[in-house]
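Scroll down for the structure; my scribbles are underneath it.
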Amino acid sequence: MVIKRAKEVLRIERDAIDSLIGRIDAEFARVVEAIYKTKGLVIITGIGKPGFIAQKISATLASLGTPSLYLHPAEALHGDLGRVTKEDIVISLSNSGETEELIKLLPVVKKIGAKLISIVGNKRSTLAKNSDFVLDATVKKEACSLGLAPTASTTAMLAIGDAVAIALLDRRGFKEKDFALYHPGGVLGKRLLLKVEDIMRKGAENPLVREDTLVKDVLFKITQARAGSACVIDKKKKLAGIFTDGDLRRHLKEDSNIVTKKVKEVMTKNPVAIKGDKLAVEALNILRSKKIDEIPVIDNRGRPIGLLDVQDLLKAGLV
């Protein structure tokens, strides 16, 4: 019985969203254009369950480049309407379109001069009749067996809000780098903003040795730098190779006297490298695809300026 009922709820909510598709018309396009052109904020209001949906829509808009805030209608009636200006757009959410707190806001919003968009389940309601734009969120029935708890209706409002937000994203030409700007604390923000030069090892932490350096001396420099490898440079100070712990282990199997050899004899020649201005996530992809732990960082002349270890990516939160 429980499983059957749960499936029925999902079907009702699915049908509610399906019914919205045919209502995406010229009015919807006008709403998106009005929001796109506004010089102010998009202020979204609603109370009860629609109020929670309003908060989510506001958060989505803000994260996608449309400045927005949620305004609680009861608080608005007690002074917070001072946040609304004539440059703003107010979006009100109400299934009935007769929510008392929202109706009381109408004359003041009109007096301020802000445009009003309503997302309602009743196009003949007071709220709808007094709005500049109306988005129809009518549903046939709620998923609640009592027909009381907002379920399908709030799902429809949420879906319309998402549709508006994503349509605006396309209208603005919003890109991944823009999204990262508003999400600097998350992994996505780091992936889209963090560059190799921001986290690479440099200076004393980036051991550089010449091709004729003995392996024992290379190992000393690697240990001193607390690194896992050393970049090998030629006479022009360009990257000629890299000597890693892996190189040491492989050659030890064949020659126990490796430490007395010159590093150019046992190094990995012409190693894969990356420039400092590349995204750190690009370095991560190279390390994964090549199954290596370190990658030299070079400048435009091919000279090593840093070293990036997989541990540096771990510390940066990219892995």
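The values are calculated or read from the model by the stated rules, or taken from the named source; none is laboratory data. Treat the numbers as computed from the prediction; the structure is a model and nothing was measured. Backbone-built Cβ (ideal geometry, glycine too); neighbour counts: all protein chains shown.
Let's see how each residue does on (1) closer than 13 Å to Val266 by Cβ; (2) of a type in the set (Asp, Glu); (3) not assigned by TED's automatic domain parsing to the domain that holds Leu279:
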| position | (1), (2), (3) |
| --- | --- |
| Met200 | no, no, no |
| Asn206 | no, no, no |
| Asp212 | yes, yes, no |
| Thr223 | no, no, no |
| Ile242 | yes, no, no |
| Asp245 | yes, yes, no |
(request) Among the residues of region 1-25, count how many are more than 31 Å from the chain's Cα centre (by Cα) and not in a helix (DSSP H, G or I). (result) 1
(request) Go through the residues of region 41-50 one by one and say whether even a single one is hydrophobic (A, V, I, L, M, F, W, C), within 27 Å of the chain's Cα centre (by Cα) and under 18 Å from Ala156 (Cβ atoms). (result) yes
(message) Against the definition (among the aliphatic types (A, V, I, L, M), assigned by TED's automatic domain parsing to the domain that holds Val9 and surrounded by 23 or more Cβ atoms within 10 Å (Cβ to Cβ)), how does Val108 come out, yes or no?
(response) no
(request) Working only within region 69-85, note down all residues that are surrounded by fewer than 19 Cβ atoms within 10 Å (Cβ to Cβ) and in a helix (DSSP H, G or I). (result) Ala74, Glu75, Asp80, Gly82, Arg83
(request) Sort out which residues of region 128-158 are in contact with a helix residue (DSSP H, G or I) (Cβ under 6 Å, 6 or more places away or on another chain) and not in a loop (DSSP other than H, G, I, E, B), and write them in order of number. (result) Phe133, Val134, Leu135, Ala152, Thr154, Thr155, Ala156, Met157, Leu158
(request) Under 7 Å between Cβ atoms, at least 6 apart or on separate chains: pull out the pairs that start in region 283-303 with a residue that is without any contact (Cβ under 8 Å) to a residue 40 or more places away in the chain and end on any residue that is among the charged types (D, E, K, R). (result) Leu287/Asp293
(request) Only residues that are buried (at least 18 other Cβ atoms within 10 Å of the Cβ), hydroxyl-bearing (Ser, Thr, Tyr) and either assigned to a helix (DSSP H, G or I) or not assigned by TED's automatic domain parsing to the domain that holds Ser153 (or both): list them for region 26-68, please. (result) Ser58, Thr60
(request) Take the residues in region 11-25 that are out of contact with any strand residue (DSSP E or B) (no Cβ under 7 Å at 6 or more places or on another chain) and in contact (Cβ under 8 Å) with a residue 24 or more places away in the chain, then tell me which one is surrounded by the most Cβ atoms within 10 Å (Cβ to Cβ). (result) Ala16
(request) Show the residue pairs that are 6+ apart or on different chains and have beta-carbon atoms under 8 Å apart, the first residue being within region 80-109 and on the phi < 0 side of the Ramachandran plot, the second being surrounded by fewer than 19 Cβ atoms within 10 Å (Cβ to Cβ) and of a type in the set (Ser, Thr, Tyr). (result) Glu87/Thr38; Asp88/Thr38; Ile89/Thr38; Glu98/Thr126; Ile103/Thr126; Leu106/Thr126
